[in-house]
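What follows is a short report on a single structure.
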Amino acid sequence: MKLTPFFQGNWFIEKRWWFRCSKSLFLLAPLYLGACSSLLKDNDRDPVAVSNFINRMVVTQHFNQEDLTQLLASVEIKSDIIKKISKPAEALPWYKYRQIFITDARIEGGVKFWQQNASTLSAVQQQTGVPAEIIVAILGVETLYGQRMGSYRVLDALATLAFSYPPRSQFFTSELEKFLLICRDERINPTEPLGSYAGAMGTPQFMPSSYQAYAVDYDGDGQRDIWHNNADAIASVANYFKKHQWRTGQGIAIPVSAVGETYKKDLSGGLKPNLRVEELDLINVKTLRSLPLDTKVKLLSFEKAASEQGSGEELWAGLDNFYVITRYNHSPLYAMAVYQLSQAILNKKGGFP
């Protein structure tokens, strides 16, 4: 993706879109967006939703109607995106999910990334209080340190989910709007950025709303480049956690053990810590490391493989910082993978920031 000027006024200086239908068709109202063979077949997307989106962007965000109509006409709706978003990795049991992310490649890659970006990581940790190993682990889980940022055009992914996936259309329509605003503000050609099937972008895989809220121009070059600039990506992840109230010096999660099944009633009810450590005795749960009695934790269960020793689950107590990690991805599996990868990277590196 080239971070070069593509805008004049409210839209692009150079219109480098590849249109597979005649220009005369594109100049007609959005009503005709579905008629082109390079676009969706009939009923593959909601033409009213597309038309409403264009009209709103013209009125509220001052986009040029003709250019925006042409841009959306170039969108390719991807049926495999619908399949993937319907079966996220977080639906896997922990013992399978863990195998995806806690690997030698991610551990060794994390050490290498840390060594290559040591000064930035050290400075950002000092400025924000977010540990370097957590920042590195996030980038490792998300994109293998920038090596796998996604193969879908962000424009295609967001438009597919906005106009062809009714269960989440409202959310992704909002993300599409934010993406186009980012492209205008940051002077990015919106047909160029690649990302995940859900439209997540760059090394940290920010959704457009997260980019708007948390992306940082760390090196002061005038662009928040989370695609190519490791310093911007590192600082943006740290800023995300800082804004979500990361508690410097606090732990993340500790293993616990339980007797009986009384504890199971406390496994539900969200991810935010809701039990004081002193209350764990009442449900026959013991922490394997000491914590202040007034510390709040969330009891968590992770499914073990049948071949592993012990019962069929791992029990953990998640602290406030574990909850903060779940704000990045609302999955306890994700947060545990980030935590365990961070510890593996730290140990491999030698245990020193």
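The values are calculated or read from the model by the stated rules, or taken from the named source; none is laboratory data. Just so it is clear, the structure is predicted and the values come from calculations on it, not from any experiment. Cβ: placed from backbone, ideal geometry, glycine included. Neighbour counts: every protein chain shown.
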> Which of (1) surrounded by fewer than 13 Cβ atoms within 10 Å (Cβ to Cβ); (2) in a loop (DSSP other than H, G, I, E, B) does LEU271 not meet, given it meets every other one?
Replying inline: (1)
>> As an exercise: evaluate THR248 against (1) hydroxyl-bearing (Ser, Thr, Tyr); (2) surrounded by 18 or more Cβ atoms within 10 Å (Cβ to Cβ); (3) not in a helix (DSSP H, G or I) and give the number of the one condition it does not meet.
In response: (2)
> Which fully enclosed helices (runs of 4 or more DSSP H) of the stretch 103-221 have 3 or more residues being more than 23 Å from ILE81 (Cβ to Cβ) and of a type in the set (Val, Ile, Thr)?
Replying inline: 118-128, 132-143
>> Suppose we filter GLU108, GLU175 for residues that are surrounded by fewer than 18 Cβ atoms within 10 Å (Cβ to Cβ) and more than 16 Å from ASN230 (Cα to Cα); which single one remains?
In response: GLU108
> What are the residues in the stretch 337-353 that are farther than 13 Å from GLY251 by Cα and either assigned to a helix (DSSP H, G or I) or modelled with pLDDT of 95 or more (or both), if any?
Replying inline: ALA337, VAL338, LEU341, ALA344, ILE345, LEU346, ASN347, LYS348, LYS349
> Would you call GLN223 at pLDDT below 95 and either surrounded by 20 or more Cβ atoms within 10 Å (Cβ to Cβ) or at negative phi (or both)?
Replying inline: yes
